[in-house]
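Reviewing the structure listed below.
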Amino acid sequence: MPKIKTHSASKKRFSKTGSGKVKMSHAFRSHRLVSKSKKAKKSHRLDAYATDANKKTIEKLIPYK
């Protein structure tokens with residue numbers, strides 16, 4: 001069976017946990033943080049996990065990670 005190429009952009013953004021979840025970071029945390037509320041910035045510090053609907057698609061993009 002041939003190897004599958006890993007999607008380069010996805011391997012930088014997603015990772016798998018030991019339990020099989022797909023871990024990712026929140027959006028809207030890179031710039032223009034002055035205009036955002038403290039609550040919004042604080043809630044986006046933590047890691048996010050992909051939903052089951054998106055998990056299958058992401059796992060196809062990062063098969064070996």
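If R0 is taken as 22 Å, the Cβ-Cβ distance between Lys3 and Glu59 corresponds to a FRET efficiency of 0.90. To the nearest 10 degrees, how steep is helix 52-61 against the longest Cα principal axis of the chain, on a 0 to 90 scale? Taking the Cα atoms of the chain, the angle to 52-61 is about 60 degrees. Computed from the alpha carbon positions, the gyration tensor of the chain leads to an equivalent ellipsoid with semi-axes of 29, 13, 8 Å, biggest first. Taking every DSSP helix (H) stretch of at least 4 residues in the chain, weighting each as -39,500 (n - 2.57) and dividing the sum by the residue count yields a mean residue ellipticity at 222 nm of -8500 deg cm²/dmol.
All of the numbers you see were taken from the coordinates with simple rules; none came from a lab. All of these numbers come straight from a predicted model, not from anything done at the bench. Because the Cβ atoms are built from the backbone with ideal geometry, glycine has one as well, and the counts that use them run over all protein chains shown.
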